[in-house]
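Peer 1: Here's a structure for you.
The values are calculated or read from the model by the stated rules, or taken from the named source; none is laboratory data. All values derive from a computational prediction rather than experimental measurement. Here the Cβ is made from the backbone with ideal geometry for all residues, glycine too, and neighbour counts use every protein chain on show. Accessible surface areas use protein heavy atoms only, side chains included; no ligands, DNA or RNA. Shrake-Rupley method; radii C 1.70, N 1.55, O 1.52, S 1.80 Å.
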Amino acid sequence: MREPTMLHRLAAEFIGTFWLVLGGCGSAVFAAKFASADGVSLGIGFLGVALAFGLTVLTGVYAFGTISGGHFNPAVTLGAALARRVEWKVLPAYWVTQVVGGLVAGVVIYVVAKGQDGWTATGNMAANGFGEHSPGGYSLAAVLITEVVLTGIFLLVILGSTDDRAPKGFAGLSIGLTLTLIHLISIPISNTSVNPARSTAVAFFNGDGAPMQLWAFWLAPLVGAAIAGIAYPFLFGRNEELADRPVRDDALDESPTT
């Protein structure tokens, strides 16, 4: 069967990142807090938002993992390249595509949300933040540590789940559930990034300090992913050099995501 072209791979990364931001951030904007006409809370809360992010990754991996690797996240692409799961030459194109896909989803969320009378984007676009912009008022140091550690663990799970030695067909499930758990831990701390494209997608619409703090949500996830990408082969060995072969369409072997 013919291997995916670069256009196919970038299309998969665009749609997958779009879906991640639309599903995850969209659920936070539209459904996290919602009251019925008689004041009964119908919102999905932190648990619902965490599940939404996990489900976008789970479905995205199974839909697009065999095409692009299903990264949907610049940090994942960096970690995968360092672990030799994807070619270094695709990193710039993947990063640009992921950011653009996220931004398009941010536009959709913004346009739909503006359809509600009295709604304002400032502080209401599910942006990440520290200090006074952290949901729980956590410090910059606390947020950086959290984002580095959780992104590192995320990459280790991704690399382990997509290792040739892992059981086939379960990568999307383990990766999606891990992202759900990550959100359950860190929504109160940083509103959970572990993904620079997700953070960029809503920061400029949100305003309220989010654009000025965006650097932290690029730096920390990239550092965490880099540590995991370098450490994984030394900790667990390398079965084969995946970056030395073409993308396959019969397994999720190259598919770190989100």
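Peer 1: Please enumerate the residues belonging to the stretch 167-183 that are surrounded by 17 or more Cβ atoms within 10 Å (Cβ to Cβ) and either outside any helix (DSSP H, G or I) or of a type in the set (A, V, I, L, M) (or both).
Peer 2: Taking the stretch 167-183 first, the residues surrounded by 17 or more Cβ atoms within 10 Å (Cβ to Cβ) are 171-172, 174-176, 178-180, 182-183.
Listed by number, the residues that qualify are Ala171, Ile175, Leu179, Ile182.
Peer 1: Return the residue satisfying two criteria in turn: it lies in the stretch 2-31 and is touching a residue at least 24 places away in the same chain (Cβ under 8 Å) and either among the hydroxyl-bearing types (Ser, Thr, Tyr) or farther than 20 Å from Gly102 by Cα (or both), and of such residues it is most open to solvent (accessible area, probe 1.4 Å).
Peer 2: Out of the qualifying residues, it is Glu3.
Peer 1: While we're on this one: When you scan the stretch 112-160, how many residues do you find that are open to solvent by 20 Å² or more (accessible area, probe 1.4 Å), among the small types (Gly, Ala, Ser) and more than 30 Å from Ala226 (Cα to Cα)?
Peer 2: Of the residues in that region, 3 qualify.
Peer 1: Take the residues in the stretch 44-79 that are assigned to a loop (DSSP other than H, G, I, E, B) and open to solvent by less than 30 Å² (accessible area, probe 1.4 Å); name whichever of them is nearest to Ile189 (Cα to Cα).
Peer 2: Checked the stretch 44-79; the qualifying residue nearest to Ile189 (Cα to Cα) is Asn73.
Peer 1: The conditions are (1) open to solvent by less than 20 Å² (accessible area, probe 1.4 Å); (2) farther than 21 Å from Glu147 by Cα; (3) in contact with a Gly (Cβ under 9 Å, 6 or more places away or on another chain); (4) assigned to a helix (DSSP H, G or I), and Arg85 fails exactly one of them. Which is it?
Peer 2: In the conditions (1) open to solvent by less than 20 Å² (accessible area, probe 1.4 Å); (2) farther than 21 Å from Glu147 by Cα; (3) in contact with a Gly (Cβ under 9 Å, 6 or more places away or on another chain); (4) assigned to a helix (DSSP H, G or I), Arg85 misses (4) alone.
Peer 1: Another question about this same structure. When you scan the stretch 101-120, how many residues do you find that are part of a helix (DSSP H, G or I) and more than 13 Å from Ser27 (Cα to Cα)? It would help to see each step written out before you state the result.
Peer 2: Taking the stretch 101-120 as the starting set, the residues that turn out to be part of a helix (DSSP H, G or I) are 101-113.
Retained after the next criterion (residues that are more than 13 Å from Ser27 (Cα to Cα)): 101-104, 107, 111.
Summing the residues that are part of a helix (DSSP H, G or I) and more than 13 Å from Ser27 (Cα to Cα) in the stretch 101-120 gives 6.
Peer 1: Checking the condition at pLDDT 95 or above and touching a Leu at 6+ places or on another chain (Cβ under 7 Å), which residue from Gly152, Gly131, Gly136 passes?
Peer 2: On the way: Gly152 fails: touching a Leu at 6+ places or on another chain (Cβ under 7 Å); Gly136 fails: touching a Leu at 6+ places or on another chain (Cβ under 7 Å).
The conditions single out Gly131.
Peer 1: Can you tell which of Ala63, Ala37 is free of Cβ contacts under 8 Å to residues at least 40 places away in the same chain, on the phi < 0 side of the Ramachandran plot, out of contact with any Ser or Thr (no Cβ under 6 Å at 6 or more places or on another chain) and among the hydrophobic types (A, V, I, L, M, F, W, C)?
Peer 2: Unique residue meeting the criteria: Ala37.
Peer 1: Can you tell me how many residues within the stretch 90-111 are farther than 14 Å from Asn195 by Cα and open to solvent by 40 Å² or more (accessible area, probe 1.4 Å)? Outline the logic, then answer.
Peer 2: As a first pass, look at the stretch 90-111 and keep what is farther than 14 Å from Asn195 by Cα: 90-93, 104-111.
When the remaining residues are screened for being open to solvent by 40 Å² or more (accessible area, probe 1.4 Å), the result is 92, 104, 107-108, 110-111.
So the count comes out to 6.
Peer 1: Kindly establish whether Ala203 is in contact with a Gly (Cβ under 9 Å, 6 or more places away or on another chain) and farther than 18 Å from Leu51 by Cα.
Peer 2: Taking the combined requirement at face value, the residue satisfies it.
Peer 1: Does at least one position in the stretch 225-243 carry a residue that is of a type in the set (A, V, I, L, M, F, W, C), assigned to a loop (DSSP other than H, G, I, E, B) and modelled with pLDDT under 95?
Peer 2: The answer is no; no qualifying residue exists.
Peer 1: If you scan the stretch 184-194, which residues turn out to be in contact (Cβ under 8 Å) with a residue 40 or more places away in the chain and assigned to a helix (DSSP H, G or I)?
Peer 2: Leu184, Ser186, Ile187, Pro188, Ile189, Ser190
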